[in-house]
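Here's the structure, in structure tokens; my notes come after.
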Amino acid sequence: MNGNREKGMGDMVEVRLFATFREGRGKVCYLDAAKLVKASDVLEVLRIPQEEVAIYLINGRHSSMEDRVLDGDVLAVFPPVGGG
Amino acid sequence: MTDRYERQRALAQIGEEGQRRLAKKQVAVIGAGGLGSPVLTYLAQAGVGTLRLVEFDTVGITNLNRQFLYTEKDVGRKKSAAAREKLALLNSEILVEVRDAELTKENAEELIGDADVVVSCLDCISARLIVDEVCIRKKIPVVEGGVSGFFGFVLCVGGDGPCLECLGYDAAMDQKEIPVLGAVAGVIGSLQAAECLKILLGAGEPLYGRLLQYDGISGTFDEIEVKKNEACRLHRRAEAGKEK
Ligand SMILES: [Zn+2]
């Protein structure tokens, strides 16, 4: 469905999930960028409650829930892992 | 020379000089629990000259699934005293200083002192953020590590790399009684010890700006490139008070 997509670019957003967020969702999800506006939309699609997110990165940088999500972005979402 | 360090001194990254270097170094380990057990054990065995252990807690029976510095006989004792005893049995050539105190904003700077590296083995995020801030201000590298269930991470904080607040961690995220598999704390604590030794030796590539994430369920590691957040308040406060 994505034949002319170049490496790392295209009309998809790559969402890398970590720790417990992988349960039932897998390690990586590809979402249609056209259906997403901001960072919080991604969580809604993946049914991840905002309050459970500790780290939300867009291309390696901290992102707020209001930040724009664009074609080719690589997102990474983590729950807190703070035990010792 | 045949001694306890023979097998590591044979490494190109260590040698006679590196071993002498380790003996002159001081590391502060904040927290002597599931992560602190492997960190303190491996740093002691590697011959780090001074280990400063900061821990206020008492050994409880529920610690014994992961905190291998302690035995059933230690239940009810101060962790600081029990850990010092165990570490002295492992290596009598090093100095183990214990500080029986809970790290707070007020005492963090004094507890960290003049450490060459700080290894953060705490069980709460609020205290981790205090450690990061003091250390960025004092230009002391921090080896962060955290665990939860089958998962864990390691990240070195310092230089141009991000701190935990840069990534989005917040003191409000503190959780109580986080479930942890002992072996997972062992994996992460061992990685923290290795990162700490690399920094002390000036060897290899410490995990600055690279978040190493362990997934014990799938048996995989991921390395995520992470960047400093220019709007990070912790970094701003620390930079403003930075020692020249
Ligand atoms: Zn920061």
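The values are calculated or read from the model by the stated rules, or taken from the named source; none is laboratory data. Keep in mind the model is a prediction, meaning the values are calculated, not measured. Because the Cβ atoms are built from the backbone with ideal geometry, glycine has one as well, and the counts that use them run over all protein chains shown. Each accessible area value is taken on the protein alone, full model and side chains, heavy atoms only, with ligands, DNA and RNA left out. Shrake-Rupley method; radii C 1.70, N 1.55, O 1.52, S 1.80 Å.
Please tell me if B:Gly158 is open to solvent by 20 Å² or more (accessible area, probe 1.4 Å) and more than 14 Å from chain A (Cβ to nearest Cβ).
Against the criterion (open to solvent by 20 Å² or more (accessible area, probe 1.4 Å) and more than 14 Å from chain A (Cβ to nearest Cβ)), B:Gly158 does not qualify.
Give the residue that is nearest to B:Leu201 (Cα to Cα), with candidates limited to residues of the range B:137-148 that are open to solvent by 20 Å² or more (accessible area, probe 1.4 Å) and either more than 8 Å from chain A (Cβ to nearest Cβ) or not polar (S, T, N, Q) (or both).
B:Pro141
Kindly evaluate A:Val77 against the criterion of being at pLDDT 95 or above, part of a strand (DSSP E or B), open to solvent by less than 30 Å² (accessible area, probe 1.4 Å) and of a type outside the set (Phe, Trp, Tyr).
yes
Could you check the range A:47-62 and list, in sequence order, the residues that are closer than 22 Å to B:Asp174 by Cβ and open to solvent by less than 20 Å² (accessible area, probe 1.4 Å)?
Matches in the range A:47-62: A:Ile48, A:Val53, A:Ala54, A:Ile55, A:Tyr56, A:Leu57.
Quick one: how many residues across the range B:199-221 are touching a residue at least 40 places away in the same chain (Cβ under 8 Å), away from the ligand (no atom under 16 Å from the Cβ) and more than 8 Å from chain A (Cβ to nearest Cβ)?
Quick first cut of the range B:199-221, residues touching a residue at least 40 places away in the same chain (Cβ under 8 Å) only: B:199-201, B:203-204, B:206-217.
Among the residues that remain, those that are also away from the ligand (no atom under 16 Å from the Cβ) are: B:199-201, B:203-204, B:206, B:212-217.
Narrowing further to those that are more than 8 Å from chain A (Cβ to nearest Cβ): B:199-201, B:203-204, B:206, B:212, B:214, B:216.
Residues that pass the stated criteria total 9.
Against the conditions (1) out of contact with any Gly (no Cβ under 7 Å at 6 or more places or on another chain); (2) closer than 30 Å to B:Gln19 by Cβ, where does B:Ala108 fall short? Just the number, please.
Only one criterion in (1) out of contact with any Gly (no Cβ under 7 Å at 6 or more places or on another chain); (2) closer than 30 Å to B:Gln19 by Cβ is unmet by B:Ala108, namely (2).
Out of the residues in the range B:222-241 meeting the condition of being touching a residue at least 40 places away in the same chain (Cβ under 8 Å) and near the ligand (Cβ under 9 Å from one of its atoms), tell me which one is farthest from the other protein chains (Cβ to nearest Cβ).
B:Ala238
Can you pull out every residue in the range B:124-150 that is among the charged types (D, E, K, R) and more than 19 Å from B:Gly168 (Cβ to Cβ)? Spell out the reasoning first.
If we filter the range B:124-150 for residues that are among the charged types (D, E, K, R), which is where we start, we get B:128, B:132-133, B:137-139, B:144.
If the condition is that a residue be among the charged types (D, E, K, R) and more than 19 Å from B:Gly168 (Cβ to Cβ), then B:Arg137, B:Lys138, B:Lys139 are the ones that fit.
State whether the residues of the range B:155-174 include one that is under 11 Å from B:Asp132 (Cβ atoms) and among the β-branched types (Val, Ile, Thr).
For the range B:155-174, residues under 11 Å from B:Asp132 (Cβ atoms) and among the β-branched types (Val, Ile, Thr): present.
For the range B:172-179, state whether one or more residues are within 16 Å of the ligand (Cβ to nearest atom), of a type outside the set (D, E, K, R) and out of contact with any Leu (no Cβ under 6 Å at 6 or more places or on another chain).
Looking through the range B:172-179, at least one residue is within 16 Å of the ligand (Cβ to nearest atom), of a type outside the set (D, E, K, R) and out of contact with any Leu (no Cβ under 6 Å at 6 or more places or on another chain).
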